[in-house]
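Report on the following structure.
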Amino acid sequence: MTLLEFEDLRVTYTGSRGRIPAVRGVDLAVDAGEILGIAGESGCGKSTLAMAVLRLLPRSAEVTGRILLDGEDLLTMGWGRLRAVRWTGASIVFQGAMHSLNAVHRVGRQVAEPILVHGEASPAKAAARAEELLERVGLPPSRARSYPHELSGGQRQRVMIAMALACDPDLIIADEATTALDVMVQAQVLELLTGLVAERGVGMVMISHDLSVLSAVCGTAAVMYAGRIVERGPAHEVFAQARHPYSAALGAAFPVIGDPASRGRPGGLAGDPPDPARLPEGCSFRPRCAVAVERCGSESPELVAVQGAERSSACFVAQEGGPVVL
Amino acid sequence: MTAVPTSPRALRRARTRQSLARSWAAYRSQRAGMVGLVLLSAIVVLAVAAPLLVDQSQLSVTQATGGRMEPPSAEFPLGTDEVGRSILALTLWGSRLSLIIGLTATLAAILVGTAVGVTAGHVGGWYGWVALRVSDWFMVLPSLVVAIALLAVLGRSMGTTILVIALVSWSGTTRLVRAQTLTVQARPYLERARALGAGHWHQMTRHVLPNVLPLVLASATLLVPSAILMESSLAWLGLGDPNVVSWGSILNRASDNGAVSAHAWWYLLPPGLAILLVVLAFMMCGRALEAVFNPRLRGEGA
Amino acid sequence: MTDGTPPSEPDRASGPAGDAADRGAPGAPAAPAAGARTRVSGGFGRYLLKHVAGAAVSLLLVLFSSFFIFRLIAGDPIDQLTRERPVSPEQRAAMRAELGLDQPMWKQFWDYITGTLTMDLGDSFQYRRPIFDLIVERLPATLLLSGTGMVLAVLLGFWIGARAGWRQGSRFDRGQVATGLLLYSAPTFWLGMIVILVFARYLGLFPVNGMRSPSTPPDFWSQAVDIGHHLVLPVLTYTAVVYAGYLMIMRSSVLDELGGDYLTTARAKGLRDDEVRRRHAVPNALLPTVTLVFLALGSVVNGSIVTETVFSWPGLGSLFVQSIFYPDRPVLQALFVLFSASTILAVLCAEILYWFIDPRIRRTG
């Protein structure tokens with residue numbers, strides 16, 4: 001069953017430079033027990049998407065469309081209901097645990113805080129539960145009395161995960177949860193997250209710029225560029241056989257361990273992501289695209305099914321069956 | 001870039017003019033700053049024009065024409081003091097002294113503070129450490145206590161008042177300037193200047209000072225009100241120059257002659273409100289300048 | 001140095017210490033649990049020693065400068081003591097000997113230092129009594145007035161400042177900043193005079209000056225109520241002038257925290273807006289303000305000198321001002337040292353307190 005659904009989600013910031021569209025019409029769905037990966041460069045709108053779920057965006061952001069969590073629209077619900085849904089319905093593992101944790105509170109208190117806020121237990125029980133949760137993510141319970149700066153980066157990220165589990169949410173959003181960690185710790189944290197999904201049947205949205213990580217843990221992957229989904233499909237297929245030139249470039253940016261051929265492939269992508277305030281006409285990827293055709297300069301491609309119902313791509317070349325990599 | 005042949009000097013002047021225009025535009029957008037500026041200009045005009053508006057003879061105790069503490073009347077719009085002088089005349093003339101002392105003391109404090117701060121930041125080492133400790137020490141001491149103690153032994157005059165106020169106010173500027181100097185010095189263009197063999201004097205006057213001055217200007221504007229308040233407190237305590245009229249000394253006479261128990265509100269309000277307005281005007285300007293020159297905000301803009 | 005473990009230090013008995021690189025101690029080997037404990041308390045010992053030594057040097061400088069101001073710049077105290085009455089050279093010599101002025105300068109300085117450190121401050125010229133007794137007698141009045149005023153000013157300033165910063169640019173913010181600035185711009189003594197004129201003279205609600213009325217019965221409660229009654233106007237004046245400083249400090253500190261990611265975390269957890277402010281933003285914003293509050297003790301002293309004088313409050317501040325005009329130089333000198341020393345010690349307290357309340361400082365020491 002569908003747990004989280006975005007319907008034509010649009011987020012526009014209004015600032016000194018005028019209106020800046022950060023997310024431009026996203027339709028996505030996540031089922032319980034499923035991991036959805038969202039990949040893209042920084043600034044493509046993927047973190048905005050994550051923050052939009054719990055309505056954590058600044059006041060200057062205008063959000064339209066629908067975000068359905070268990071069938072309930074988060075964008076229209078009242079503040080009281082929204083506060084109740086925050087962390088119990090969906091929780092977030094934020095990127096940059098050092099700054100996302102409060103430096104002057106002990107981590108045990110921070111893990112227990114949502115339990116107390118939502119009135120789920122007495123302070124003593126909440127503290128005990130916090131220790132349990134820390135143990136659960138592989139930290140000694142005595143760590144509850146540490147301050148964030150006394151922990152290593154991996155330990156802090158585990159604290160963030162323990163905190164996200166505190167109120168047994170149905171959905172967990174992991175926003176670049178492993179990006180800042182070294183490879184060994186990253187593998188441990190990923191294992192922890194996938195284990196949680198398998199054993200508790202929660203839904204998860206995993207946001208990363210690293211398509212190879214997503215392909216290893218996610219069922220479905222969506223690739224975002226300039227505020228839009230440009231490709232969607234089973235994660236390993238999107239990674240191994242991209243149907244959009246941007247996904248192909250993103251996948252090639254990270255070498256595949258144990259695949260010597262991938263080292264020889266030209267990785268990376270020339271140029272910078274477009275300025276969201278001044279998007280090019282037509283397909284927004286066209287200025288960086290190696291396979292662009294004439295039509296790409298005037299028309300903006302929609303996300304349509306290619307190769308059966310499971311895969312879709314927003315690329316005219318792919319839609320006509322052409323190769324997206326030269 | 002050099003389509004029009006211009007000398008480096010003209011180029012620099014043009015750039016200075018440009019940045020001044022930018023700062024002025026940023027300042028103008030702050031309403032409180034503009035209100036403060038208008039208020040301040042009005043007060044300065046009144047202070048400068050005081051001799052034209054009111055003859056100095058009106059300040060003389062012996063030539064006073066009014067009665068003792070008369071309430072406001074047509075002849076004396078703000079009433080009279082205990083010897084029959086016009087409060088309006090006293091307040092107008094008092095503005096001159098309060099402003100002169102406030103500005104001179106601040107100027108002295110800023111000059112000393114900037115000199116010590118720039119050299120402490122630039123030279124560093126043993127000298128820098130001692131300079132920082134000494135300014136820290138001055139910053140911690142209760143300024144009024146130091147000022148009173150010094151005035152009590154030095155004697156009361158305008159000169160000593162200015163000296164004492166400058167002495168208790170220079171340390172904040174030193175700290176600020178030293179920190180800013182260290183920041184400027186870490187910038188790559190100064191490293192390049194050093195590599196090209198620029199001397200200490202050249203580095204300080206051409207690179208460090210121009211970058212430090214805007215901040216100094218903002219902090220000076222905020223230092224003037226505290227100097228004026230300090231002067232008025234000292235004068236009210238009876239430590240001012242006995243031969244001149246300042247707002248603080250008017251209120252000192254009011255206290256000594258029982259203006260409060262005589263319910264002579266006209267004796268108390270004008271000089272006090274004058275202090276309040278001047279201080280407020282300087283604070284509004286200073287805060288606006290700070291917002292314009294704040295390195296943090298400027299960093300965001302660049 | 002191991003016994004200096006602060007009580008709030010987290011228990012490190014179990015669990016591995018975080019890796020050294022992550023805790024901002026580059027080059028330091030990853031210490032075992034017990035080693036980490038020693039290292040941290042050793043850090044406190046060093047931290048304490050450094051700041052105590054700094055304060056001691058500052059205090060010595062105060063003693064030195066007070067000797068310099070009052071013995072060297074100021075003229076011969078005998079002239080002031082005799083107040084230009086004709087005295088015979090013999091009487092003069094006797095007085096000089098009594099005050100120790102016939103000694104060489106270094107001996108005078110040594111006697112002064114040892115005297116001050118042993119609380120032997122000499123006698124007051126105007127009261128003909130030991131200055132130490134005078135200070136002990138008047139200290140409670142000063143502590144009562146400036147203590148009450150400062151606590152009120154800090155609470156009020158922080159309370160308003162935190163709310164104003166949290167809603168930067170709102171009508172509340174602009175209104176409070178304007179009010180605070182207006183009161184801050186008023187000279188303390190003038191505001192005191194106006195307050196007396198309005199509340200004591202016109203409305204007759206409170207006594208004009210002093211700390212107690214002679215007619216009050218001597219029992220504790222009557223006395224307490226009487227002192228409280230006398231305390232209202234001075235505290236009102238003092239608080240009104242000073243609170244704006246604390247307001248601005250807290251406001252800008254909260255502004256610095258506004259973009260913090262941890263506030264987003266707190267919001268995501270479902271906390272109400274005011275809970276996010278109180279539980280997360282304010283505790284973080286408080287840290288940098290602690291030092292400033294203690295640093296502001298200098299202004300507390302300034303304010304209490306003026307306030308005590310306006311209200312004839314029988315404390316140390318009014319004694320100081322009174323002594324200027326007598327002139328009672330030993331009292332001026334003693335109070336100069338006392339006031340300066342108290343601000344230096346306040347800063348030392350701030351530095352020590354900072355260690356305990358900011359867990360982050362402990363790693364850099």
Fill in: Paramagnetic reach from B:Arg194 in segment B:119-151 [backbone N under 13 Å; point 7 Å along Cα→Cβ]
B:121-125
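First measure r as the distance between the Cβ atoms of C:Arg212 and A:Thr76, then evaluate 1/(1 + (r/R0)^6) with R0 = 56 Å and state the FRET efficiency to the nearest 0.05. Mind dumping the intermediate values first?
Numbers: r = 65 Å, r/R0 = 1.17.
The computed FRET efficiency comes out at 0.30.
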Discussion item. Residue by residue through segment A:172-188, what is 3J(HN,Hα) from phi via Karplus (6.51 cos²θ - 1.76 cosθ + 1.60, θ = phi - 60°)? Round to whole Hz and write x for glycine and proline.
Written reply: 10, 9, 10, 9, 6, 5, 10, 4, 7, 9, 6, 4, 5, 5, 4, 4, 4
Item to complete: Take the eigenvalues of the Cα gyration tensor for segment C:104-252, scale each by 5, and report the square roots as semi-axes in whole Å, largest first.
Response: 37, 25, 14
Practice prompt. Obtain the nm distance between the two label points defined at C:Arg128 and B:Leu217 by a simple spin-label model: each point lies 7 Å from its Cα along the Cα-to-C-beta direction.
Written response: 6.2
Fill in: Charge dipole (debye, nearest 20) of the protein assembly as shown; +1 at Cβ of Lys and Arg, -1 at Cβ of Asp and Glu
1980
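Evaluated at 37 °C with a viscosity of 0.692 mPa s, what Stokes-Einstein diffusion coefficient in µm²/s does chain A have when Rh comes from the Kirkwood expression over alpha-carbon pairs?
Numbers: Rh = 20.6 Å.
Roughly 159 µm²/s, to the nearest whole number.
When the helices in chain A are scored as -39500 (n - 2.57) per DSSP H run of 4 or longer and the sum is shared across all residues, what 222 nm value do you end up with, to the nearest 500 deg cm²/dmol?
On the way: 12 runs with 105 residues, N = 326.
So the calculated ellipticity at 222 nm is -9000 deg cm²/dmol.
Would you mind computing the Rg to Rh ratio of segment C:137-364 from its alpha-carbon coordinates, Kirkwood style for Rh? Present the calculation step by step, with values, prior to reporting the outcome.
On the way: Rg = 20.4 Å, Rh = 19.5 Å.
On the Cα set of segment C:137-364, Rg over Rh gives 1.04.
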Practice prompt. Report the dimensions of the protein assembly as shown along its three principal axes from the alpha-carbon atoms, largest first, rounded to Å.
Written response: 118, 72, 66
Worksheet item: At A:Glu62 and C:Leu143, where each label point lies 7 Å from the Cα along Cα→Cβ, what is the point-to-point distance in nanometres?
Response: 6.2
Worksheet item: Over all distinct Cα pairs, what is the inverse of the mean 1/r for chain B, reported as the Kirkwood hydrodynamic radius in Å?
Response: 21.7
Worksheet item: For helix A:107-117, what angle does its Cα long axis make with the longest principal axis of chain A, in degrees from 0 to 90 and rounded to 10?
Response: 90
Fill in: Isolated Cys residues of the protein assembly as shown, judged by Cβ distance under 4.7 Å to other cysteines
A:Cys44, A:Cys167, A:Cys218, A:Cys289, A:Cys315, B:Cys285, C:Cys349
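Want the number for A:Ala277 to A:Ala187: 0.36 nm per residue separation, take away the alpha-carbon distance, what's left?
Net length gain for the segment: 28.7 nm.
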Discussion item. Spelling out what I want: for every residue of segment A:93-106, take phi, set θ = phi - 60°, compute 6.51 cos²θ - 1.76 cosθ + 1.60 (Karplus), and round to whole Hz; glycine and proline get x.
Written reply: 9, 6, 7, x, 4, 4, 8, 7, 9, 7, 5, 9, 10, 5
Worksheet entry | Inter-probe distance in nm under a simple model that places probes 7 Å from Cα toward Cβ, at C:Val232 and A:Thr194 | 7.4
Worksheet item: To the nearest 0.05, how large is the calculated FRET efficiency for C:Val198 and A:Val293 if R₀ is 51 Å and r is the Cβ-Cβ distance?
Response: 0.05
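Tell me, what is the percent relative contact order of chain B, built from C-alpha pairs under 8 Å that lie six or more residues apart? Don't jump to the answer; show the numbers that get you there.
Numbers: 388 pairs, mean separation 77.0, N = 302.
For chain B, the relative contact order is 25 percent.
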Worksheet, complete the sentence: Listed by chain and number, the residues whose amide H is under 5 Å from that of A:Ile38, excluding neighbours fewer than 5 places away on the same chain and using placed H, are A:Met206, A:Ile207, A:Ser208, A:Ala222
Response to the item:
Of the residues C:Gln108, C:Phe70, B:Pro51, the Cα lying farthest along the dipole of the protein assembly as shown towards its positive end, which is defined by charges on the beta carbon of Lys, Arg, Asp and Glu, belongs to B:Pro51
Worksheet entry | Estimated vicinal HN-Hα couplings, Hz - segment B:259-266 in sequence order (Karplus 6.51, -1.76, 1.60; Gly, Pro = x) | 5, 5, 6, 7, 6, 7, 4, 5
Item to complete: Report, in debye and to the nearest 20, how large the dipole of chain B comes out about its Cα centre when Lys and Arg carry +1 and Asp and Glu carry -1 on their Cβ.
Response: 1800
Fill in: Length-normalised contact order of chain A in % [C-alpha pairs under 8 Å, at least 6 apart]
19
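Bear in mind that the values in this text are calculations on the coordinates, not laboratory data. Since the structure is predicted, the reported quantities are computational estimates derived from the model, not experimental observations. We place every Cβ from the backbone using ideal geometry, glycine too, and count neighbours over all the protein chains shown.
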